[in-house]
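A.B. asks: Have a look at this one before I ask anything.
The values are calculated or read from the model by the stated rules, or taken from the named source; none is laboratory data. Fair warning: this is a prediction, and the values are worked out from it, not measured in the lab. Heads up, the Cβs are rebuilt from the backbone with ideal geometry, glycines too, and the neighbour counts pull from every protein chain shown. For accessibility, only protein heavy atoms count, side chains too; no ligands or nucleic acids. Shrake-Rupley method; radii C 1.70, N 1.55, O 1.52, S 1.80 Å.
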Amino acid sequence: MSNTKKTLSSTPHNILKLGTFSCVRCGLTVSAASDGTRRNHCPSCLHSQHVVDHVEGGSSDCQGRMSPIAIAVLRTGDWMVVHRCVRCDELTSNPICADDNQLILMRMAVRPLAQPPFPLETFGDL
């Protein structure tokens, strides 16, 4: 098990050695976050590229576009962007960065309230 953890934790850093990359969706040239940390998604559209195989560890042969589909909030209060690969459907989560597009983040955060999967009228009958 310790070998697996070592592989998984060291692999993303090896793959993401480059300081900048081009967004696979909007073409923006993306560099490190404003606080200097490396990022794996575009701060403008929040899309990413499937370069790490989070199930097997190591690099991914998929290279598909990772679309942001939701926001998750950890017990610590930290926000995570949940991505789904449009090619293979793998799900990942990554921490948001301070300079990420706040409008898109808020739209994803309130989507379950704005578009519930059930009719709200049912609550009036209770």
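A.B. asks: What's the number of the only condition in (1) farther than 30 Å from Q63 by Cβ; (2) loosely packed, with under 10 Cβ neighbours inside 10 Å; (3) not basic (K, R) that L103 fails to meet?
C.D. replies: (1)
A.B. asks: In this structure, is R75 part of a loop (DSSP other than H, G, I, E, B) and modelled with pLDDT under 90?
C.D. replies: So R75 does not fit the description; no.
A.B. asks: Report yes if C88 is in contact with a strand residue (DSSP E or B) (Cβ under 9 Å, 6 or more places away or on another chain) and assigned to a loop (DSSP other than H, G, I, E, B), otherwise no.
C.D. replies: Taking the combined requirement at face value, the residue does not satisfy it.
A.B. asks: Oh, and also: Name the pairs: first residue in the stretch 68-97 and free of Cβ contacts under 8 Å to residues at least 12 places away in the same chain, second residue part of a strand (DSSP E or B) and aromatic (F, W, Y), Cβ to Cβ under 8 Å, at least 6 apart or on different chains?
C.D. replies: V73/W79
A.B. asks: List the residue pairs whose Cβ atoms are under 7 Å apart, where the first residue sits in the stretch 34-46 and is of a type in the set (D, E, K, R), the second is open to solvent by less than 60 Å² (accessible area, probe 1.4 Å), and the two are 6 or more positions apart or on different chains.
C.D. replies: Here the result reads R38/L16; R38/A32; R39/V30; R39/A32; R39/A33; R39/C97, each pair linking the stretch 34-46 to a residue that is open to solvent by less than 60 Å² (accessible area, probe 1.4 Å).
A.B. asks: Looking only at the stretch 57-72, decide whether some residue is in a loop (DSSP other than H, G, I, E, B) and within 26 Å of V110 (Cα to Cα).
C.D. replies: Checked against the condition, which is being in a loop (DSSP other than H, G, I, E, B) and within 26 Å of V110 (Cα to Cα), the stretch 57-72 yields no hits at all.
A.B. asks: What number of residues in the stretch 91-100 are assigned to a loop (DSSP other than H, G, I, E, B) and either open to solvent by 30 Å² or more (accessible area, probe 1.4 Å) or touching a Leu at 6+ places or on another chain (Cβ under 8 Å) (or both)?
C.D. replies: Result for the stretch 91-100: 4.
A.B. asks: Just the residues that are open to solvent by 70 Å² or more (accessible area, probe 1.4 Å) and either outside any helix (DSSP H, G or I) or acidic (D, E) (or both), please, taken from the stretch 106-126.
C.D. replies: Once the filter is applied, which keeps residues that are open to solvent by 70 Å² or more (accessible area, probe 1.4 Å) and either outside any helix (DSSP H, G or I) or acidic (D, E) (or both), the stretch 106-126 yields Q115, P117, F118, P119, E121, D125, L126.
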